[in-house]
Amino acid sequence: MTVIEQSQQANSGSAKSTTKVLFIDLENCPSQVNELINHLEQYSQVVICYAASGAKVPVDWIVSLTATVNDNRLKILKMPNGGKNAADFGIAFWAGFLMAQLPEYAHFDIVSNDADLDHVVNLLKSQQRSAKRIGTNKNTQPVVLEPGPLQSKQSYLQEYCIHLVNHHKNRPVKKETLINSIKSKFKADSLNVDDLFEALVKQSIISVTDNKITYNQQKITKFAGL
């Protein structure tokens with residue numbers, strides 16, 4: 001079974017609106033690498049194109065992202081040759097390829113601040129496809145692609161569960177230690193630590209008795225996506 005047949009089979013029983021493809025111009029929008037987990041929750045397939053990039057994926061994400069690569073839901077494509085617009089040509093190529101293979105109701109989003117990619121969007125629309133570029137140009141205001149509060153919390157929850165899997169021999173045993181662990185893990189983010197702690201309790205990933213933490217390994221594995 002081909003990649004496209006797998007994608008079509010997976011979506012055959014779903015609502016049409018769930019067939020969504022996201023293209024990311026990584027060189028133009030390098031910060032989007034930090035939203036990969038969120039994007040994979042919202043899109044059927046994510047395609048990242050770049051020629052040269054210093055963007056780094058958090059180590060704790062490797063396990064879950066490897067699974068999505070193996071499932072052909074995530075493609076990270078380095079252009080064989082660098083140069084101006086190399087990533088743009090990659091996005092144009094894959095947009096055309098997927099347009100020809102995916103159902104007519106599939107929607108295409110392109111994340112880039114490069115207005116030249118509007119040509120790809122317009123070509124998709126000329127073939128009666130739903131498409132949009134998400135970004136800015138000199139004549140428009142920024143359009144921000146980011147998850148809502150619930151999706152964001154879910155992403156942090158998954159990331160921390162992956163962290164617990166990777167550090168299963170050195171997990172915090174007390175509430176204060178766990179909170180400090182969360183703070184350290186997400187110190188670069190504007191995260192409400194108490195909210196994430198409460199989410200861990202609410203989802204029965206952890207339980208607290210006399211200030212001591214008990215971990216539910218089955219829940220941890222489930223929320224880590226493993």
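None of the figures in this text is laboratory data; all of them are computed from the coordinates on show. Computed from a predicted structure; not experimentally measured. Positions of Cβ are generated from backbone atoms using ideal geometry, with glycine treated the same way; all protein chains shown enter the neighbour counts.
Structure notes:
- Over 28 Å apart at the Cα level, from the set LYS78/LYS169; LYS174/LYS202; LYS75/LYS169, are LYS78/LYS169; LYS75/LYS169.
- Each peptide in 22-30, 34-42 was scored by the mean count of other Cβ atoms within 10 Å over its residues; highest first, the order is 22-30, 34-42.
- Anisotropy class of the range 77-118 from Cα gyration tensor, a/c 1.5 cut: oblate
- Peptides 87-97, 198-208, ordered by how many other C-beta atoms sit within 10 Å of their residues on average, highest first, read 87-97, 198-208.
- The range 161-219 versus the range 66-111: alpha-carbon centroid distance in Å: 36
- Charge tally in the Cβ shell below 11 Å around MET99, where Lys, Arg are +1 and Asp, Glu are -1, MET99 excluded: +1
- Shape call, the range 149-224: gyration tensor on alpha carbons, a/c limit 1.5: rounded
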